[in-house]
Every structure is written in C-alpha cells, then in structure tokens.
Amino acid sequence: MNILLRGGTVVSSTGTKKQDVLINGSKIAKVGRFLNVHDAEIVDVSGKLLFPGFIDAHTHFDLEVSDTVTADDFESGTKAAVCGGTTTIVDFATQNKGESLNQALNNWHIKAFSKSSCDYAFHMAISDFNDSVKEELCSMFEQGVSSFKAYMTYDAMILSDEKLFDLLSTLKALGGIVGVHCENDGIIKALTKQQRENETLCSKTHPLVRPSLCESEAINRLLSIAKAVDIPVVIVHLSSKEGLEEVRKFRAEGTKVYVETCPQYLLLDDSRYEQEGLEGAKFVCSPPLRKKEDSKALWHALKTGEINTVATDHCSFTLEQKSVGLQDFSKMPNGLPSVETRGILMYTYGVCKRRISIEQMCKLLCENPAKLYGMYPKKGAIKVGSDADIVVLDPKADGFITKNTHHSKADYTPYEGVRTKGRVESVYLRGREVVKNGEVVLEKKGKYIKRGKSTLN
Ligand code: URP
Ligand code: ZN
Ligand code: ZN
C-alpha cells in the first residue's frame, strides 16, 4: 500500500523544505516536490510540519524500584509515547544483582513483547560487573544491544570506580557506549544522614541532599576514568550548570563526551519542592530539579550544540506510590512522567520561544539519538529507505497539558495546565497511521529494533 503525504514541510537537521513524502509499505520510498503517484492514498498535510518519528532514548517502563514497580509498563508507556510523536523508545533493561545480562535482556523482551505501541530497543543497565558478565557482552551486541548504563549512586545499582574502569575498558574493545548516571553517592548518603538527625525528611529536603556538586564531582570522576581508558561516554540526564562546566573542561582537553538532558531540567526548577505534601512529591526525581540559572545554561548549551540529545527519563509513579515517602523523602520512588509531552514541550518552549531552531529540535529528538545509539538512518530521518516513522505536527494549534487526556498511568503530570503551541496530529509507525487526530488508533504494533554501533561524531 502506498501513501502520499502531500504538501507538508519536511524537517531535517539541516533545513525545512516543502516536500511530498511517498510511503511504500514500511519504508519511505520518495521525498520530493510535486510527486506524481497513481496508486497511492493521498493525505493532504499542507500547512503541517513533518518530523522524523521522535526517539526517546531514556525510558523506564515496568521497572521494579524502591519496593514498587513503575506505574507505566510497556503497554501504557508506549501508548503515551506514540501519542506524543515518539515512535522509538530505548528502555533500560536492568540487571538485578546476581542476574546474568541474558536473563535481564530476556526479562525485558517478555515485558515489551506484543504490548508496545511504538518501536523499542534496549540499553543494558549493569549493576553487577564480574567475569561472567564480561563474557556475555559480545552476545549483547549480537542481540542488538550496543549501549549500556552504569550508575554512580543507588545501592542496588552502583558500580565502583574500579568496576567502571573495567567496564569501559571492556566496551572499548567491543565498540560499545555507556551512559552514566552521575551523582556522588557518599555525599548524598552523608547529607541524608544529617537531615535524618534533624528530622527534616519532607520533599523539600530532597534537592538539599543532592546538590549540583554531587553531579559535577561525579562527572569529573567519570570523565577522568573515561579519559584514562580513552573511550567516549554519555552523561545522561544532565541537570546542572556545574556539571556542564565539567563537560566543557574535559572537551577542551580533547575528551569525547556526549550529553543528554531532559525537559524537566529545562522547564521546571527547585521551587517546586517548596510545595507541601504530594504537590512537592510530584517533582521528586534524581538528579533533582535545579535553579533557573541551571535551566538557562542548559538551554544555551542546546543552542550551541554542547548537549546532543533530549530524552525524558520517564519513570512514572502514581501519587499513591509517591505518598510512601511523604514522611521520609529517601523512601520515595524517584522519577517523573513525561514521555507524552517531550515533543510538544520542546516545540513550544524551544522552537517557538526561539531558544533552539526547528532543525536543532530535529537533531536533538531524532537524528542524534538515532546516530548515538546505532539506528541511523533506519530511524531519525525522513529519507528514502528509512523506516516510515513520521510525526505530522500542526504548528497552528494551541493547547494545554492535562493529565485528563494522557495515556500514562501516573495520575498526574508535572506540566498540568502548561500552555502549548502546536499539536501532534497524526503519527506513522513504519508506514501505518497509529495516531490520527491526536488519538491512538492502532495499538501494539511496535517491534524490537536491533541496533548497531554508535555513529555520532
Ligand atoms: O529519578 C529518576 N530519574 N529515576 C529514574 C532512574 C534514573 O536515575 O535514571
Ligand atoms: Zn539515572
Ligand atoms: Zn533514568
């Protein structure tokens, strides 16, 4: 079946052009002006922007954490994702201590299989790096897992500096890439202990025990290890200006480092924690929300190209789940929902507010994550031969964000009432219209995507 998207403006990382797009089956067959095709269903998209399907390379669906499980599994999470224009997610298959990587990967395949409404791939989060795990790394690549995650905090996940060095050295030989959660674990623990002694354990305290220096110190340490090994690494969910300064310092000395940030660090700040009870709890994530100056620095770094990708770190909990930590923030499950809102937030507060160009948005949400995580040009571009993953965005529509229309099982959104410009009108996933007039019309059509090695420069 051929579909001709006629009269839209195709967005790429290098420009916008009025072009028709011909979809043949699951692939993009032609892109050009005034395409004349006889046997195609013609869809008038004049006045609309056509983006490559957005890629969210940082989600946590169906993750057991803090004695609970994230509110969103692959069914609700990917439905929310695709409704917001995300056609591919890269979730963190997570190795529990004592488990093999193959067991962990198998667990994640079971969680995702036949439930996903967008395409999906997996990073492997490693919590237990030992000799037998080392031997499994090759088989991860064979199974399409070419990126890994390591944590510098959280008891269940933390790797020592020595283990990190060993992991990076092993992956250097194999051509893999590691994203790292950078926070200084010792400082967090010591500050939490102090606050416990003072009996100040409400959500307001959460950012106080995880100051920016925890992030910048860990970034410095990670980049020192990466420099010693001589391998590029990814800083995930960068939140602070101080952390960014460390990245700049190492880049100036020639270290290759990629950086991801998330909408919450661009659009929300730590004043949210001043709100009492559940209102403050809604914003408990790690790293925590920072100051307005930090957000400003991150926006600037998006503009200059110093930050390479914007993902969500969607890790959702209901208010009931969050309420477990109301008397003691350290027991609260960390994370925010935003897989449905990232695209429209970046369009409204990035492109329309002229903080980034539309081409940069395409780079940050499509092209760069596809290249960084070995999926380009299958994903991340509207090009002949690419998967026909296309977001049709109406730039003229006005709206606002509310949990009432969301697909996430979290019963709140951190962006309630926030005004938006533009609307994800329809979404094509490998040639099939899965979202029409803003609603999911075709569910559970997502496929596992095997990835190759990173190609981002
Ligand atoms: O608070 C957050 N971000 N939770 C998700 C897990 C992580 O650290 O990425
Ligand atoms: Zn993290
Ligand atoms: Zn995360």
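Considering all C-alpha pairs of the stretch 71-191, those separated by over 22 Å amount to 39%. Here the stretch 148-253 is treated as an ellipsoid with the same Cα gyration tensor; its semi-axes, largest first and in whole Å, are 28, 15, 10.
Calculated [222 nm] ellipticity per residue, helices only, for the chain: -8500 deg cm²/dmol; basis is -39500 (n - 2.57) per DSSP H run with n ≥ 4, divided by all residues, nearest 500. Pairs of Lys residues in the stretch 1-143 that lie 8 or more places apart, or on two chains, and have C-alpha atoms under 19 angstrom apart add up to 9. Projection of the Cα convex hull of the stretch 277-341, averaged over all directions and equal to a quarter of that hull's surface, yields 5.1 nm². Here, P(r) means the percent of Cα pairs in each 10 Å bin from 0 to the largest distance; for the stretch 34-126 it is 15, 38, 23, 13, 8, 2. So for the chain, taking the charge dipole from beta-carbon charges (+1 Lys/Arg, -1 Asp/Glu), which of Leu429, Ser117, Gln194 sits furthest toward the positive end? It is Leu429. Comparing Gln327, Asn107, Pro414 along the charge dipole axis of the chain, the residue lying farthest to the positive side is Pro414, per the Cβ-charge model. Each Lys or Arg adds one and each Asp or Glu subtracts one; over the other residues with Cβ under 9 Å from the Cβ of Cys83, this totals -1. Taking a straight Cα-Cα cut-off under 21 Å and skipping sequence neighbours fewer than 8 places away in the same chain, the lysines within cross-link reach of Lys282 are Lys204, Lys291, Lys292, Lys322, Lys331, Lys403, Lys409.
The longest part of the chain holding none of the exposed loop trypsin sites (Lys or Arg not before Pro), meaning those outside H, G, I, E and B in DSSP with at most 11 other Cβ atoms within 10 Å, is 98-352. Using only Cα atoms and rounding to the nearest 10 degrees, what angle (0 to 90) does helix 101-112 make with the longest principal axis of the chain? Once rounded, the angle reads 50 degrees.
Here the chain is treated with +1 on each Lys and Arg Cβ and -1 on each Asp and Glu Cβ, and its dipole about the Cα centre works out to around 1780 debye. Taken over the alpha carbons of the chain as equal point scatterers, the Debye sum produces base-10 log I(q)/I(0) values at 0.06 Å⁻¹ of -0.24.
Looking only at GluC sites (Glu not before Pro) in DSSP loops with at most 11 other Cβ atoms within 10 Å, what is the longest site-free stretch of the chain? It runs 1-198. Under the convention that each Lys and Arg Cβ holds +1 and each Asp and Glu Cβ holds -1, the size of the dipole of the stretch 418-457 around its Cα centre is about 260 debye.
Computed from the coordinates by the stated procedures, all read-outs in this text should not be read as laboratory data. None of these values were measured; they are calculated from a predicted model. Note that we place each Cβ from the backbone using ideal geometry, even for glycine, and neighbour counts take in every protein chain shown.
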